[in-house]
Amino acid sequence: MDKLLLIDDEADVQYSFRRIFDSPEIELSTAASGEEGLARIPHFKPDLVIMDIRMGGMNGLETLRRLRLIDSKLPVIMMTAYGTTQTAIEAMKLGAYDYMLKPFDVPKLKEIVHAALKASRDMRQVVTCQSAPDAEDIASGIIGRTEIMQGVFKLIGRLAASDATVLITGESGTGKELVARAIYHHSQRSDQPYLAINCAAIPENLLESELFGHEKGAFTGAANLRIGKFEQCHRGTIFLDEIGDMSLPTQTKILRVLQSGSFERVGGGQSIQADVRVIAATNKPLEKAVADRQFREDLFYRLNVVRIEMPPLRQRAGDVPLLAAYFLRKFARQKQRPPKSISSKAVAMLQEYRWPGNVRELENAIQRAIVVSQGDVILVEDFPAEIVGASQGSAAVKSQIPVKQGPMTKAQELDIPALAGQLFAWAKKSPSLKVLPAIERALVIHALKETRGNQLQAAKLLGITRATLRKRIEKFGIRQEFNAQ
Ligand SMILES: Nc1ncnc2c1ncn2[C@@H]1O[C@H](COP(=O)(O)OP(=O)(O)OP(=O)(O)O)[C@@H](O)[C@H]1O
Ligand SMILES: [Mg+2]
């Protein structure tokens, strides 16, 4: 449940808030003055404060100033009547999350409250790295026991002391946002604000003013000065999500902030300094975007200094049982029910699946399976057809040479690093195996058998030239008993 504190001396406003936010997910408390509001904060512990600027006694700006001394992260939405927007702008400079004009438009108010509560949760729910999920702390862990995830955890730990810009890449649903928050929570800036901006969700022409603000009259519709996120988040951390979708002019401004810590508001000439740490993420291959001139090369190198590459879930299948158990507990707790268990056959199937949507897809599959399953144990058939089908297909695939099946579907693709890992484990045990030449030799024989000695085809299958294949045949003394007939 989210806790909302309203500070306003008008009984009418208090009344309408009670009606608007009458929901089991929100607990609302009201205070009629700045003094009362500040006194309420330590025991009510709100997730969000909404406050009028003009009040009897201590006004809104002064209250905000004092509130910031107690808590520099608590999001505050200021309310103001038309004609007093200058004060609202002052409030933004003091670190208010946003402001609303009175009388307010209810859907807009709800939208802003929703976004501010999300920002509040991002800041308050500490994300921890967990190789053995903590029974208590179920809401916000990055779960992973595999070596590849331990590597990610170590990197997050090493980054804690630094203020470096970080680039997080990886397929959709691999946990990039979670990692960004973990870096923030472990950093020296963890007592300062964290703001996440999804660059893909904001129309291109508005993103620049969202990030850097605009001067009054900068463009049609810019009726007032607006303070952007970089100015608002001074001393804090900004998470630029989906940075691969950012337009080139905005990229130029980001590069400048990263290099010099300064920027101008849209339509403004005054240079503004902002001390902000940037964490960026994208699921687009930025190297390709650079090659296609969609992404500035200099910005790419500036961001790429510290890079965290989130591995796809199929490269950490060993974490699937742990993640499945974690999500079972998480959803059970949300519904306040005892967690269901999952059959070992179903777990084996989940480990086989390719997970194009990665951890998010697994999370959704578990959530759905909990609803679909009849008893206390989740079974294979409680999962969607694409997951069940892929695992049934893969049993057949293993016993055949995939060449005959035409192009491989995604679900059947080989996990080469995993395979190499197994082979390497053998090689370590018996070096006399001479693993690399042994594998090359075996693969050449396979390809020749498969193509009945057709060297051109065999070379193609192996991804080498015919000349290279010939050299291998010679080197390994493979006799040509597979000659084409
Ligand atoms: N290692 C993990 N342990 C627990 N939960 C995880 C893990 N990785 C991801 N999740 C969960 O999976 C979902 C997707 O993660 P997240 O939003 O961080 O992915 P993303 O990489 O940012 O995806 P996108 O590119 O689509 O934005 C979230 O609900 C997140 O909490
Ligand atoms: Mg994301």
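We did not get these values from a lab; they are worked out from the coordinates using the rules stated. All values reported here derive from a predicted model rather than from experimental measurement. Note that we place each Cβ from the backbone using ideal geometry, even for glycine, and neighbour counts take in every protein chain shown.
Here are the numbers:
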{"quantity": "Amide H within-cut-off set for Ile142, under 5 Å, with H built and near neighbours excluded", "calculated": "Thr128, Cys129, Gln130"}
{"quantity": "Cα centroid separation, the stretch 16-81 to the stretch 255-286 (Å)", "calculated": "31"}
{"quantity": "Principal-axis tilt of helix 416-429 within the chain, Cα atoms, nearest 10 degrees", "calculated": "60"}
{"quantity": "Residue-averaged 222 nm ellipticity for the chain, from DSSP H runs of 4+ at -39500 (n - 2.57), nearest 500", "calculated": "-14000 deg cm²/dmol"}
{"quantity": "Under 20 Å from Lys288, Cα to Cα: aspartates and glutamates that are on another chain or at least 8 residues apart", "calculated": "Glu171, Asp241, Glu242, Asp245, Glu297, Asp298, Glu309"}
{"quantity": "Neighbourhood charge, 13 Å Cβ-Cβ cut-off, centred on Thr87 and excluding it, Lys, Arg +1 and Asp, Glu -1", "calculated": "+1"}
{"quantity": "Cβ-defined net charge surrounding Phe21, 12 Å radius [Lys, Arg +1; Asp, Glu -1]", "calculated": "0"}
{"quantity": "Cβ-based net charge around Ala222, under 15 Å, with every Lys or Arg adding one and every Asp or Glu removing one", "calculated": "-1"}
{"quantity": "The stretch 411-473: trypsin sites (Lys or Arg not before Pro) in DSSP loop, at most 12 other beta carbons within 10 Å", "calculated": "Lys434, Arg452"}
{"quantity": "Cα pair distances exceeding 34 angstrom across the chain, given as percent", "calculated": "51"}
{"quantity": "Among Val290, Ile148, Leu436 the positive-end extreme of the charge dipole of the chain (Cβ point charges)", "calculated": "Leu436"}
{"quantity": "Size of electric dipole in the chain: Cβ of Lys, Arg +1 and of Asp, Glu -1, about Cα centre, debye, nearest 20", "calculated": "2460"}
{"quantity": "Filter on Lys118/Lys253; Lys428/Lys475; Lys45/Lys73; Lys93/Lys253; Lys176/Lys284; Lys154/Lys176 - keep pairs with C-alpha separation over 18 Å", "calculated": "Lys118/Lys253; Lys428/Lys475; Lys93/Lys253"}
{"quantity": "Which of Leu379, Pro107, Phe327, positive extreme of dipole for the chain (C-beta unit charges)", "calculated": "Leu379"}
{"quantity": "Antiparallel %, DSSP beta bridges [both residues in the chain], to 5", "calculated": "10"}
